[in-house]
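Engineer: Below you'll find the structure I mean.
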Amino acid sequence: MLNYIINIIFIFLPPSPERLAGFKRWLLRKSGHRISDAVRLMRIRVQGVKLEVGRDTFIGDETMIMGTPGTTVRIGAGCDISSRVNIVTGTHHFSENPDKCAGDGYGEDIVINDGAWVGYGATILHGVTIGKGAMIAAGAVVTRSVPPYQIWGGVPAKLIKERKLGNSDIPVSYE
């Protein structure tokens with residue numbers, strides 16, 4: 001019930017990541033999520049999952065983080081999650097029932113490692129790990145794990161190219 005109320009409050013808060021940022025982090029922490037300092041949140045919705053977010057991460061407007069209770073979404077430090085991104089830990093087995101395709105539901109954790117960038121409207125599905133410094137293109141549907149420092153896009157997402165690395169690695173930190 002507390003998550004439901006928090007999601008309603010988020011709808012009415014200003015979308016600016018700086019305005020009321022501390023209050024937004026406090027609300028999520030009160031409902032059992034692990035949100036580091038300096039996390040900038042727009043109007044997001046969290047439903048059914050436990051959320052962990054590392055320092056200096058941005059999560060854009062109308063991003064939906066949802067799935068099966070008991071699953072976790074871990075977003076590392078220094079990540080940029082654009083607006084209208086869907087992160088979904090839940091799915092269903094196929095049913096043997098000829099009248100209904102979706103069988104029993106289940107969930108798998110999702111991990112987005114430090115320094116990753118997820119473009120506008122992308123969808124990340126159950127069991128996926130996004131590698132450190134990887135980029136997911138706008139509108140991509142990620143159905144399998146992405147190695148570090150690669151750029152993936154499309155439906156379903158596939159490798160577009162490797163990133164050129166510099167000296168800008170972001171340290172791992174959830175505090």
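The values are calculated or read from the model by the stated rules, or taken from the named source; none is laboratory data. Just so it is clear, the model here is predicted, and its values are computed rather than measured. Ligands, DNA and RNA are excluded from the accessible area calculation, which covers all protein heavy atoms including side chains. Shrake-Rupley method; radii C 1.70, N 1.55, O 1.52, S 1.80 Å.
Engineer: Eight or more residues apart or on different chains, and alpha-carbon atoms under 16 Å: count the Lys pairs in the chain matching that. Walk me through the numbers before you get to the answer.
Structural biologist: Numbers: Lys24/Lys50; Lys30/Lys50; Lys132/Lys161; Lys132/Lys164.
Count of close lysine pairs: 4.
Engineer: To the nearest 10 Å², what's Lys100's accessible area with a 1.4 Å probe?
Structural biologist: 120
Engineer: Same structure again: Calculate what fraction, in whole %, of the accessible area of the stretch 56-140 sits on carbon and sulfur atoms when a 1.4 Å probe is rolled over the protein chains.
Structural biologist: Working: 1850 of 3620 Å².
Taking all protein chains in place, the stretch 56-140 shows 51 percent carbon and sulfur surface.
Engineer: Using alpha-carbon pairs under 8 Å, 6+ residues apart, how would you state the relative contact order of the chain in percent? Before the final figure, lay out each step's value.
Structural biologist: Working: 505 pairs, mean separation 25.6, N = 175.
Here the relative contact order equals 15 percent.
Engineer: Please compute the alpha carbon radius of gyration of the chain, then divide it by the globular-protein estimate 2.2 N^0.38 Å. Two decimals is fine.
Structural biologist: On the way: Rg = 16.2 Å, N = 175, 2.2 N^0.38 = 15.7 Å.
With N residues counted in the chain, Rg over 2.2 N^0.38 Å equals 1.03.
Engineer: I'd like to check one number: the per residue accessible area of the chain, probe 1.4 Å, reported in Å² as a whole number. Let's see the in-between values first.
Structural biologist: Working: 9120 Å² over 175 residues.
Result: 52 Å² of accessible area for each residue.
Engineer: Okay, next question. Can you give the helix-only mean residue ellipticity at 222 nm for the chain, where every DSSP H stretch with n ≥ 4 adds -39500 (n - 2.57) and the sum goes over all residues, rounded to the nearest 500 deg cm²/dmol? All intermediate terms of the calculation are to be shown ahead of the outcome.
Structural biologist: Values: 2 runs with 21 residues, N = 175.
The per-residue figure over the chain is -3500 deg cm²/dmol.
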